[in-house]
Each structure stands twice: as C-alpha cells, then as structure tokens.
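Below is one structure, written out as structure tokens; comments come after it.
The values are calculated or read from the model by the stated rules, or taken from the named source; none is laboratory data. Keep in mind it's a predicted model, so treat the numbers as computed, not measured. Reconstructed Cβ throughout: ideal geometry from the backbone, glycine too, with neighbour counts over all protein chains shown.
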Amino acid sequence: MNQSHQPQTLTEAYLAKIAAGDLSQDPAQAAAVARIQTFADNMQAFWTAKPSLWDRLTRTSPLPETGGFYLHGAVGRGKSMLMDLFYATIAAPGKRRVHFHQFMLEVHSRLHALQEKHVGDILPTLAQEIAKDTRLLCFDEFHVSNIADAMILGRLFTGLFDAGVVVFTTSNWAPEDLYKDGLQRDRFLPFIDLIRDKMLVHEIVSPTDYRYRQAMQSPCYWHPTGRQTTQQLENLFHDLTGGQKTEQIILSVQGRSLTLPRCANDVGFIEFDALCRHALSAADYLEITKTLKTVVIDHVPHFEEADVNALMRFVTLIDTFYEAKMQLFLGLAAAPEQLHTPRMQRKIFERTLSRLMEMQSDAYRSASMPPTRGASAQFY
C-alpha cells in the first residue's frame, strides 16, 4: 500500500470519508473540522517543542495555552465521529479516549482508594496521578446528572489543567446548560466558568441528524408490549442462541451480585424491571458488556413522573451498551419516539432515542452483531 496517500491530519481524514461516500458534505461539520484542526496543530506544536533553557534549569514543564476543546450540539450531528477522527490523527504523548460514564466510575473508585490511604487532599492528588500517564483525555457524551459528580468536577478539572492535561470533550449541552436545575447548582457554576476560561467552545449547528439517516428499515424493537411481542422476542432469542440451554450468570460488581437469569451463546434475555428498577449503575451495565454481546430486553414501559429513576437508568444503560457496540433488541410499550417521558427528562431522552435509531443501522449492526446459529436477518 502506498503510505503517502494515507490521511495524516483530521482534515484529510474527514475529506477522505466524504470522498469514499461515508459522509455527506455538511458546512456545520466542515466549520467544526477547521477549528478542531487549528486546535490540533497548536497542540501538536506544543507537545513536540523542545523545553526552553529556563524550563530545563527550573525542571518545570510549560503548560499549554488552551486547556482543551468543548464540542457541543444537538444529538446525531457527528460530534463523536469528529472526536474519533481527532483522536486517531493526533500524535499525543499519552492519549486516552473514554466515555464520560466510565471515567467518572473510575474517578469515584480511585478517590475511595485514596481515602482508604488517608491521603490529605485527594482531588489534586488524583489529578496528578492521572497526569502521570495521560496528556490528552478525550471524553464522549459529557454531561452531569448527579450531585456527587457535580461537586468534584471543578476541583478535578482545575487539577488536570494545572498538571498540563488537555481535555477534548463532546456534549449535547452548552456549558451553561450543564447540570441545569440540579441540586446546589450554584456550587457548580464555577466549573462552567472554568470551561469557558480554559477550553475552546464550539457548537455544531446542523439541521441533519445523521443517526436517523443511517437507521435501517428493519427495526430492532417490537411494540406494544404483550404476549405477541414477548413471543417474537423469545423466537429471536432462540434463533440467536441456536437453541442452546440457557444458564444463569452471576456477575460481581463492586462487591455486590448482579444476576442475569437467562444466557447462552453470549446472548442474554432480561426483563426491563430487573435492569432499571433496582439500584444499578453504569458499573453494572459495563460489567454486562464484558460478559454478553447481545441483550434482549422485554417490557420497556411508558415513563411517567414516578418512573424518573428507572428512566435515568435506562438512559445510562443505552449509553453504556452503545459505547460498547452491544447488539440490543427491545420489547417496548410503544415506538421509541412515542414513549411517554416526563417533561424534565425529554431532552436527555432525545439522545437515547437517537442512539436507539442508530443501533438499528447496517453499520452499527455489522460492527456489533456476533455470528449466530440460524439467526434470521429479518425482524418485525
């Protein structure tokens, strides 16, 4: 292969995708690419620059002029795709891409470990630990939904920036809309100021939701819930497992047990209530992705005001499964776009709806679907 034709920059990689027919021309995306490319060029120059005489004499490391890049916009506008291209084309000395859910789970776990060691000020200590082997940290789907995260992000990010860690993140929310109406939000506001002060903020304003455009004609969900839908899911489960005898799998998650009652051939059949009406978190859903490749979930309900906790767990579940490229089949009370949701959670559910649509696409399913015995390609 002629190496000279391989894309070397974000811009070249983006244009190559357009030329290959993988992407369409989009002025909003092109504007974001141009700004991200400038950011990438500046960071590349910073990371490859030789230390000055003063830096060598004082044994200090210079800090980048910009702490990072905050890319936001409506769901399905290509934010994650652009971050992936940025990550793939930049040569950073210690880079990491991680979903924000997973990162915060790690943060809380490491903070607990530092507390056990009776470390004095644990947040700056953790920031220094992260900075030892990470100079570029890329987050997908940055959002804040609970007070535990909200109260530590400001000091943690201050420590990361002070240690020279560069952060690139995507979000469906502008910085000013993060943790809106959250408990003690006044204590969170300095973090928003920190984002505006330390990071380049860019919004993708595009009328096109590319996840919907990629959705397949054949759905991966059935509705409404009831005997017929359950039977269709059972038939699918039988096809996916090749009729193998099912077994119960018990997972250990942070010292507690999570039971998956019916599993075979890397496929699990689980009721919605078992996954979303108990005190489960992203850690539990991540553990499922390490054990199964495909999950069938029945009896996903309409979400009323009393179901807010179950809805938020369902949102987290979909985020986690999507990031892990899990194959998902659902029995729903109604078509996804017609599921009732409480008013305060509708914007959050827009992302979930978009991801459910993408998870039906040929591209997603071909990347996530494991080989199965006798599985039908036609769904109803």
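Below is a table of values for the structure above.
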| read-out | value |
| --- | --- |
| Filtered residue count, segment 265-293, keeping only those that are assigned to a loop (DSSP other than H, G, I, E, B) and closer than 16 Å to Ala324 by Cβ | 5 |
| Members of segment 18-44 that are under 28 Å from Gly94 (Cβ atoms), without any contact (Cβ under 8 Å) to a residue 60 or more places away in the chain and of a type in the set (D, E, K, R) | Asp41 |
| Index of the failed condition, Ala113 passing every other in (1) among the small types (Gly, Ala, Ser); (2) touching a residue at least 12 places away in the same chain (Cβ under 8 Å); (3) part of a helix (DSSP H, G or I) | (2) |
| When residues of segment 9-67 are limited to those that are basic (Lys, Arg) and either touching a Phe, Trp or Tyr at 6+ places or on another chain (Cβ under 7 Å) or part of a helix (DSSP H, G or I) (or both), the one modelled with the lowest pLDDT | Arg56 |
| Residue, farthest from Gln231 (Cα to Cα), within segment 324-345, restricted to residues that are touching a helix residue (DSSP H, G or I) at 6+ places or on another chain (Cβ under 8 Å) and among the charged types (D, E, K, R) | Lys325 |
| Out of Ala163, Ala127, sole residue that is buried (at least 18 other Cβ atoms within 10 Å of the Cβ), without any contact (Cβ under 8 Å) to a residue 40 or more places away in the chain and within 22 Å of the chain's Cα centre (by Cα) | Ala127 |
| Single match in Phe103, Phe157, Phe139 (criterion: in the same structural domain as Ala74 (by TED's automatic domain parsing), at pLDDT 95 or above and not aliphatic (A, V, I, L, M)) | Phe157 |
| Lone qualifier among Arg277, Arg313, Arg256 - being modelled with pLDDT of 95 or more, surrounded by fewer than 20 Cβ atoms within 10 Å (Cβ to Cβ) and basic (Lys, Arg) | Arg277 |
| Residue among Phe314, Phe303 that alone is assigned to a loop (DSSP other than H, G, I, E, B), touching a residue at least 40 places away in the same chain (Cβ under 8 Å) and within 30 Å of Arg343 (Cα to Cα) | Phe303 |
| Inter-residue pairs, beta-carbon under 8 Å, first surrounded by 14 or more Cβ atoms within 10 Å (Cβ to Cβ) and in segment 227-248, second among the hydroxyl-bearing types (Ser, Thr, Tyr), 6+ apart | Gln232/Tyr380; Leu236/Ser376; Asp239/Thr372; Asp239/Ser376; Leu240/Thr294; Leu240/Thr372; Thr241/Thr372 |
| Members of segment 231-247 that are modelled with pLDDT of 90 or more and more than 23 Å from Met357 (Cβ to Cβ) | Gln231, Glu234 |
| Subset tally (residues that are β-branched (Val, Ile, Thr) and touching a His at 6+ places or on another chain (Cβ under 9 Å)) for segment 140-177 | 3 |
